[in-house]
Amino acid sequence: MDILVTAGPTREHLDPVRFLSNRSTGKMGFAIAQAAAERGHAVTLVAGPVSLPTPPGVTRVDVVSARDLLAAVERLLPAHAALVMCAAVADWRPAAASARKLKKAEMRPVLALEPNPDILRTVRPLKGGRLFVGFAAETGDPLAEARRKLADKGLDLIVANDVSQPDAGFAVDTNRVTFLTAEEHAPVALPLQSKLDVGRALVAWLERRAAAAPHSASQASPETA
Ligand code: PMT
């Protein structure tokens with residue numbers, strides 16, 4: 001299967017040295033890419049600014065902002081049968097960005113923002129028979145929010161990620177997640193494990209799903225989108 005994975009944060013620059021971003025390190029998305037490549041899948045990894053080596057056998061495309069990430073996903077998606085959106089995309093960007101470093105005296109204490117595009121919603125018309133997987137990083141009620149995002153973004157699977165615990169979520173090597181699918185199946189809570197093992201579980205889910213519907217995921221093409 002050709003699998004497109006996104007990972008890491010986006011940076012929304014205010015000027016060449018200042019930006020809005022988040023705590024994502026790319027570890028979870030890179031682990032998914034590694035797990036998929038280990039199983040022999042053709043993997044393209046779209047990475048925000050992170051300092052991780054590219055997993056062996058994976059094709060990597062580097063991006064900076066949410067708009068760069070959207071452009072890369074729109075360009076690459078037609079050649080892939082599955083999209084795994086693990087990137088922590090900044091929802092907002094500064095309304096104005098300067099090409100040169102702003103002087104302190106030129107800056108205001110209140111920053112005007114404008115919304116970034118929602119990537120999953122934007123590429124939904126291209127879904128066709130492709131499998132779409134999202135993540136939901138939550139600190140409140142992870143399952144309720146994940147369920148809402150599963151429906152809202154038209155996903156096949158959402159990985160609810162409770163990021164309130166120190167051993168899960170951002171910047172650590174382990175994760176504790178729950179899989180929720182678009183069907184009525186009960187949520188599947190995975191134990192605390194390495195991000196690589198979470199990636200392996202996710203790839204196994206994609207393989208099972210593609211095998212159950214061989215005329216959708218495995219044959220997703222620009223024509224079927
Ligand atoms: O990178 P690590 O340090 O290993 O941390 C891993 C992680 C916590 C970042 C990862 O496991 C995770 O939960 N990633 C998703 C984080 C996130 O942005 O969640 P969200 O609930 O804000 O977004 C929901 C889904 O919509 C996600 O699939 C996201 O990629 C997507 N999205 C979000 C915003 C946006 N503008 N467009 C999107 O498509």
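Which ones in region 101-138 are in contact with a helix residue (DSSP H, G or I) (Cβ under 8 Å, 6 or more places away or on another chain), within 22 Å of Ile32 (Cβ to Cβ) and part of a loop (DSSP other than H, G, I, E, B)?
Gly129, Arg130
Which one of these does Lys101 not meet: (1) under 16 Å from the mean Cα position of the chain (by Cα); (2) more than 24 Å from Pro125 (Cα to Cα)?
Every condition holds for Lys101 apart from (1).
For region 186-201, enumerate the residues that are under 19 Å from the mean Cα position of the chain (by Cα) and of a type in the set (S, T, N, Q).
Matches in region 186-201: Ser194 only.
Every residue in region 37-52 that is farther than 10 Å from Leu4 by Cα and either outside any loop (DSSP other than H, G, I, E, B) or charged (D, E, K, R) (or both), please.
Ala37, Glu38, Arg39, Ala47
Being acidic (Asp, Glu), more than 11 Å from the ligand (Cβ to nearest atom), in contact (Cβ under 8 Å) with a residue 40 or more places away in the chain and out of contact with any strand residue (DSSP E or B) (no Cβ under 8 Å at 6 or more places or on another chain), is that true of even one residue in region 105-127?
There is no residue in region 105-127 that is acidic (Asp, Glu), more than 11 Å from the ligand (Cβ to nearest atom), in contact (Cβ under 8 Å) with a residue 40 or more places away in the chain and out of contact with any strand residue (DSSP E or B) (no Cβ under 8 Å at 6 or more places or on another chain).
Counting only residues that are within 9 Å of the ligand (Cβ to nearest atom) and acidic (Asp, Glu), how many does region 128-151 have?
2
Could you tell me whether region 69-90 includes any residue that is more than 16 Å from the ligand (Cβ to nearest atom), free of Cβ contacts under 8 Å to residues at least 60 places away in the same chain and over 24 Å from Arg208 (Cβ atoms)?
no
Pick out the one residue from Gly154, Gly169 that is at positive phi, touching a strand residue (DSSP E or B) at 6+ places or on another chain (Cβ under 6 Å) and of a type outside the set (D, E, K, R).
Gly169
Name the one entry in Phe170, Phe179 that is among the aromatic types (Phe, Trp, Tyr) and over 14 Å from Arg209 (Cβ atoms).
Phe170
Looking at Phe170, is it near the ligand (Cβ under 9 Å from one of its atoms), surrounded by 20 or more Cβ atoms within 10 Å (Cβ to Cβ) and of a type in the set (Phe, Trp, Tyr)?
So Phe170 fails the test.
Checking Arg208 against (1) at pLDDT 95 or above; (2) loosely packed, with under 13 Cβ neighbours inside 10 Å; (3) within 15 Å of the ligand (Cβ to nearest atom); (4) farther than 25 Å from Ala71 by Cβ, only one condition comes out false. Which one?
The failed condition is (3).
The values are calculated or read from the model by the stated rules, or taken from the named source; none is laboratory data. Keep in mind that this is a model prediction, so the values were computed, not measured. Cβ sites come from the backbone with ideal geometry, for glycine too, and all protein chains shown count toward neighbours.
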